[in-house]
Amino acid sequence: MKRTITVVALVLLALALVIPSSVFAAEKAKYAIVFKNTGNPYGEKQMEGFKVGIEEQGFEAILRAPDLPTAEAQIQIIEQLIAQKVAAICIVGNDYDALVPVLKKASSAGIKVFSLDSSVNPQARLTHVNQADSEKIGQTLIKAASDMAGGKGEIAILSATSQASNQNIWIDFMKKELAKPEYKDLKLVKIAYGDDLRDKSVSETEGLLRSYPNLKVIIAPTTVGIAAAGKVLTDKGLKGKVFLTGLGLPSEMAEYINNGVCPYMFLWNPIDVGYLGSYVGTALVSGKITGKVGDKFSAGRLGNYTITKAPDGGTEVLLGPPFKFDKSNIEDWKKVY
Ligand code: RAM
């Protein structure tokens, strides 16, 4: 008898050693965010906000991004997340349409799918977390370029990838704005694509300067592009000749705002965008919201939000208005993000 008890005890001990503790503890639901690509400090901040929000609600966050900003690379990651049976996927889309089939596959597997920062087609998302009103961003950037150019002359856009839906929506609104009579003397000569890669953004800026010697303003609606252009214009001593504006991270742009190359620029808080996304994710999974217009939820320290109609016919949650950074406030903000 004593021997039997000892054998049973030994077997139980052996089992306890080989079975992972997660089998005994209830598994935490996993919430994934997939950014455009690695090596982008803006993306890191956005993912950091998502992680903080997910963890403070007691869940597990998975942060993923491919090496290059392509839809193909994101498709592979999404396939892996489907196999991992995550509760929700928050996608920062590298393409509006190309991700639709794999995201639909995720939805059919019971995963709540929504986009953030760079939207995907409403067919494949429950809602979109939008950092700021897209039309307002377009209008604000053209107004800034016009002010810097003194109302006339050549301007160019340095974007991210040609497929990035957030940049493309902003560029469409910029073109609409440029068609207004007050901007008739501003000429958009080129849209260049730096692919949110530092070196490519540098060489595309150099290409713009070579091809358009009379260029007055570069608008870069991407934090990677604007920082690269800031460096090129500074190194070439073009301050006051070619102006720079767009959407930039204060921590990366303080130098070029202080030296006058970029008189002012705009952005929102990328940490808050990710944090808001975490609450959209948990509200979708708990069934508190389904992603339809009028759905209301509360987003922790950010307060209450309501889902509204997006310009592309889907729905969205809007974080707030874009914020202006110039010499008067850049020193304070560069420490924050
Ligand atoms: C880059 C990315 C991101 C965009 C910002 C403004 O970091 O393209 O998607 O929102 O710029």
Selection count, the range 132-156, where residues are out of contact with any Leu (no Cβ under 7 Å at 6 or more places or on another chain) and either among the β-branched types (V, I, T) or within 17 Å of G194 (Cβ to Cβ) (or both): 3
Out of the residues in the range 216-237 meeting the condition of being out of contact with any helix residue (DSSP H, G or I) (no Cβ under 6 Å at 6 or more places or on another chain) and more than 23 Å from P41 (Cα to Cα), tell me which one is surrounded by the fewest Cβ atoms within 10 Å (Cβ to Cβ). G237
Mind checking which residues of the range 312-337 are more than 20 Å from the chain's Cα centre (by Cα), assigned to a loop (DSSP other than H, G, I, E, B) and acidic (D, E)? D326
Residues in the range 97-112 that are within 20 Å of G287 (Cβ to Cβ) and either in contact with a Lys or Arg (Cβ under 6 Å, 6 or more places away or on another chain) or not in a helix (DSSP H, G or I) (or both) total 4
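Can you find, within the range 197-215, the residue that is nearest to the ligand (Cβ to nearest atom) among those that are surrounded by fewer than 23 Cβ atoms within 10 Å (Cβ to Cβ) and of a type in the set (D, E, K, R)? Before you say what the answer is, go through the steps one by one.
Taking the range 197-215 and keeping what is surrounded by fewer than 23 Cβ atoms within 10 Å (Cβ to Cβ), we get 197-200, 202-203, 206-215.
Cutting the leftovers down to of a type in the set (D, E, K, R) gives us 198-200, 206, 210.
On the way: R198: 11, D199: 16, K200: 13, E206: 20, R210: 24 Å.
Among them, the one singled out is R198.
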Are there any pairs, at least 6 apart or on different chains, whose C-beta atoms fall under 9 Å, with the first in the range 315-337 and under 25 Å from L126 (Cβ atoms) and the second surrounded by fewer than 13 Cβ atoms within 10 Å (Cβ to Cβ), and if so, which? T315/K292; T315/K309; E316/K309; V317/T306
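Picking from Q139, Q123, Q167, which residue would you name as being free of Cβ contacts under 8 Å to residues at least 24 places away in the same chain and assigned to a helix (DSSP H, G or I)?
Values: Q139 fails: free of Cβ contacts under 8 Å to residues at least 24 places away in the same chain; Q167 fails: free of Cβ contacts under 8 Å to residues at least 24 places away in the same chain.
Exactly one of Q139, Q123, Q167 is free of Cβ contacts under 8 Å to residues at least 24 places away in the same chain and assigned to a helix (DSSP H, G or I), namely Q123.
Residue-by-condition table, conditions (1) outside the structural domain of I91 (by TED's automatic domain parsing); (2) assigned to a strand (DSSP E or B); (3) under 29 Å from T70 (Cα atoms):
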| position | (1), (2), (3) |
| --- | --- |
| T161 | yes, no, yes |
| V189 | yes, yes, yes |
| E206 | yes, no, yes |
| P213 | yes, no, no |
| A228 | yes, no, yes |
| G240 | yes, no, no |
| E255 | yes, no, no |
Given the conditions (1) within 14 Å of the ligand (Cβ to nearest atom); (2) outside any loop (DSSP other than H, G, I, E, B); (3) over 13 Å from the mean Cα position of the chain (by Cα), report the number of the one that L68 does not fulfil. (2)
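Here are some residues: G237, G303, G194. Which one is at pLDDT 95 or above and within 16 Å of the ligand (Cβ to nearest atom)?
Details: G237 fails: within 16 Å of the ligand (Cβ to nearest atom); G303 fails: within 16 Å of the ligand (Cβ to nearest atom).
The unique qualifying residue is G194.
Output the number of residues of the range 83-106 satisfying the condition of being out of contact with any Pro (no Cβ under 8 Å at 6 or more places or on another chain) and either crowded, with 19+ Cβ neighbours inside 10 Å or hydroxyl-bearing (S, T, Y) (or both). Break it down into steps so the answer makes sense when it comes.
So the first thing to find is which residues in the range 83-106 are out of contact with any Pro (no Cβ under 8 Å at 6 or more places or on another chain), and the list is 83-93, 95-106.
From what's left, either crowded, with 19+ Cβ neighbours inside 10 Å or hydroxyl-bearing (S, T, Y) (or both): 86-93, 95-96, 99, 102-103, 106.
Qualifying residue count for the region: 14.
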Considering (1) outside the structural domain of A65 (by TED's automatic domain parsing); (2) buried (at least 24 other Cβ atoms within 10 Å of the Cβ), say which one Q139 fails and leave the rest. (2)
S162 versus (1) surrounded by 20 or more Cβ atoms within 10 Å (Cβ to Cβ); (2) within 16 Å of the ligand (Cβ to nearest atom); (3) small (G, A, S): which is the lone unmet condition? (1)
Going by the structure shown, is I54 away from the ligand (no atom under 16 Å from the Cβ), among the β-branched types (V, I, T) and closer than 29 Å to N168 by Cα? no
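With respect to T245, determine if the residue is of a type in the set (S, T, N, Q), buried (at least 18 other Cβ atoms within 10 Å of the Cβ), within 18 Å of A144 (Cβ to Cβ) and out of contact with any His (no Cβ under 8 Å at 6 or more places or on another chain).
Numbers: of a type in the set (S, T, N, Q): yes; buried (at least 18 other Cβ atoms within 10 Å of the Cβ): yes; within 18 Å of A144 (Cβ to Cβ): yes; out of contact with any His (no Cβ under 8 Å at 6 or more places or on another chain): yes.
So T245 fits the description; yes.
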Is the range 274-291 home to any residue that is in a helix (DSSP H, G or I), over 20 Å from M47 (Cβ atoms) and not assigned by TED's automatic domain parsing to the domain that holds Y42? no
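The values are calculated or read from the model by the stated rules, or taken from the named source; none is laboratory data. This structure is a prediction, so every number in the text was calculated from the model and none was measured. Cβ sites come from the backbone with ideal geometry, for glycine too, and all protein chains shown count toward neighbours.
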